[in-house]
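Quick notes on the structure that follows.
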Amino acid sequence: MKKALLLLLVAAMASCSQARKSSSTVPEDDLIITRKYVGDFIEYRHTGPENYDGPNIIWIKTTMEDRYGKISAYGRKCDFTGGDRLYLRRKFYSPGIVSGYWVYVIENDASVSYRATDLQHDREVFIKTWFE
């Protein structure tokens, strides 16, 4: 009886150690894309708010317009220069313990960046789908 109990205890310990070993080697995400090339800058246009409390939107045209459409971002003017390589970057903000959210920014290789709108109005898609 003692041998059977000891054998059962050893088997349980061995199975638990295997479970811990396998769960620690499972990779969460091998690669999380945080920056994506969206084309070279061509031009932009500005649209003002429809009413007094609306946002100013700039519509950015890139060489990859056939894939993404015009990219909409918040701003009055655009300081990108012709030929700038533009990237869409997402940053995860976690202001509290429980939740967080992604913020999307369109930027060049220098220091110019604008916050992109969550809904890309030209194609009527959410910007987060570009990273899925």
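A search for C-beta distances below 6 Å between a residue of segment 65-79 that is at negative phi and any residue that is in a strand (DSSP E or B) and of a type in the set (D, E, K, R), counting only pairs 6+ apart in sequence or on different chains, returns K70/K61; Y74/R115.
Among the residues of segment 42-57, count how many are closer than 17 Å to V125 by Cα and free of Cβ contacts under 8 Å to residues at least 60 places away in the same chain. Looking only at that region, the number is 0. Scanning segment 80-110 for residues that are modelled with pLDDT under 90 and either part of a loop (DSSP other than H, G, I, E, B) or on the phi > 0 side of the Ramachandran plot (or both) yields a count of 8. With respect to I60, determine if the residue is modelled with pLDDT of 90 or more and either assigned to a strand (DSSP E or B) or farther than 17 Å from V125 by Cα (or both). So I60 fits the description; yes. Restricted to segment 45-57, and to residues that are farther than 15 Å from R115 by Cα and either part of a strand (DSSP E or B) or in contact with a helix residue (DSSP H, G or I) (Cβ under 9 Å, 6 or more places away or on another chain) (or both), which residue is modelled with the highest pLDDT? Residue satisfying both the conditions and the ranking: R45.
The values are calculated or read from the model by the stated rules, or taken from the named source; none is laboratory data. Predicted model, so just to flag it, every value in this text is computed and none were measured. Backbone-built Cβ (ideal geometry, glycine too); neighbour counts: all protein chains shown.
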